[in-house]
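The values are calculated or read from the model by the stated rules, or taken from the named source; none is laboratory data. Fair warning: this is a prediction, and the values are worked out from it, not measured in the lab. Here Cβ is always computed from backbone atoms with ideal geometry, including for glycine, and neighbour counts include all displayed protein chains.
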Amino acid sequence: MNRSILLVIFFITLLIPFRVTATEIHVAVASNFAHTLDQLQPQFEQAFPHRLKISLGSTGKFYAQIRNGAPFDAFLAADAKRPQLLEQEGVALRGSRFTYAVGQIALWSPGQNRPAPSLLTEQNFHYLAIANPKTAPYGEAAQAVLKRLKLWDTLRPKMARGENIAQTFHFIASGNAELGFVALSQIQFLQFSKTPSLQQALPSSQTKSPFPSDVWVVPPEWYPPILQQAVILSSSPHPEVVQTFFDFLKSDIAKSILHDYGYRTP
């Protein structure tokens with residue numbers, strides 16, 4: 001073939017954009033982040049050709065599963081401890097770990113129009129819902145609050161412990177527990193919900209009204225910071241795609257959604 005023709009073909013191929021292969025990545029996600037991820041996922045999938053396969057659960061259980069070879073590509077934990085351990089153990093890629101959100105907790109007592117700490121002190125309830133402090137970082141934060149109030153030992157017989165913060169929230173929403181500690185992001189989800197009964201319970205997000213009297217946002221200084229960290233797992237065949245997702249979580253669009261759903265960002 002004529003040399004000049006070969007050069008023309010070469011330069012034409014340079015002008016043809018590279019095709020980006022759509023890839024699905026499997027992400028293990030702490031249950032407290034479920035509703036926020038519902039908003040983030042379509043934004044990511046519209047901006048990039050990739051897809052997210054999401055598994056929700058407790059941070060402690062995911063940590064154990066990942067150590068035993070569970071085929072996830074990434075882990076979005078509800079704490080910093082487990083991602084750091086996975087990195088130290090060589091199960092997560094070094095340098096991939098970062099804080100994607102800072103969680104907050106709230107005491108939710110549906111229908112109670114009284115100051116929350118006094119509800120705890122008076123103990124006029126049968127059950128207080130709390131996530132398991134051994135496996136759920138939000139449960140660990142709630143434990144710190146109760147110890148600060150010197151109520152941990154007193155209230156232990158009344159505690160209904162959820163496997164994770166999602167189950168804890170369900171205990172309260174279903175009426176099986178009169179009050180309990182939940183993620184502020186779950187309360188914010190109620191605020192944005194279209195369910196009429198829930199809309200009556202919480203103010204419109206448009207007005208930026210303060211929370212109603214049955215929600216007590218616990219001061220952040222009352223418990224250790226809930227630094228929610230993410231890592232890429234060493235076994236992932238698609239680390240570059242996971243990094244694209246992580247970069248998206250650091251974007252201004254993602255941070256705006258995080259703030260709307262009750263998280264702080266680093």
Restricted to the stretch 132-166 and to residues being polar (S, T, N, Q) and in contact with a Lys or Arg (Cβ under 9 Å, 6 or more places away or on another chain), the residue surrounded by the most Cβ atoms within 10 Å (Cβ to Cβ) is ASN164
Can you find a residue in the stretch 122-134 that is closer than 25 Å to PRO224 by Cβ and in contact with a His (Cβ under 9 Å, 6 or more places away or on another chain)?
yes
Out of curiosity, is SER31 under 26 Å from ALA131 (Cα atoms) and at pLDDT below 95?
yes
Which helices (runs of 4 or more DSSP H) does the stretch 95-156 wholly contain that include 2 or more residues that are modelled with pLDDT of 95 or more, of a type in the set (Gly, Ala, Ser) and out of contact with any Asp or Glu (no Cβ under 6 Å at 6 or more places or on another chain)?
137-148
Give the residue, chosen from GLN46, GLN39, that is loosely packed, with under 14 Cβ neighbours inside 10 Å and either modelled with pLDDT of 95 or more or not in a strand (DSSP E or B) (or both).
GLN46
Give ALA116, ALA74, ALA129 a once-over and let me know the one that is in the same structural domain as SER55 (by TED's automatic domain parsing) and either in contact with a Leu (Cβ under 6 Å, 6 or more places away or on another chain) or surrounded by 16 or more Cβ atoms within 10 Å (Cβ to Cβ) (or both).
ALA74
Suppose we filter the stretch 244-258 for residues that are of a type in the set (D, E, K, R) and not in a helix (DSSP H, G or I); how many remain?
1
Condition first: in a loop (DSSP other than H, G, I, E, B) and not acidic (Asp, Glu). Now tell me which residues in the stretch 157-180 satisfy that.
ASN164, SER174, GLY175, ASN176, ALA177
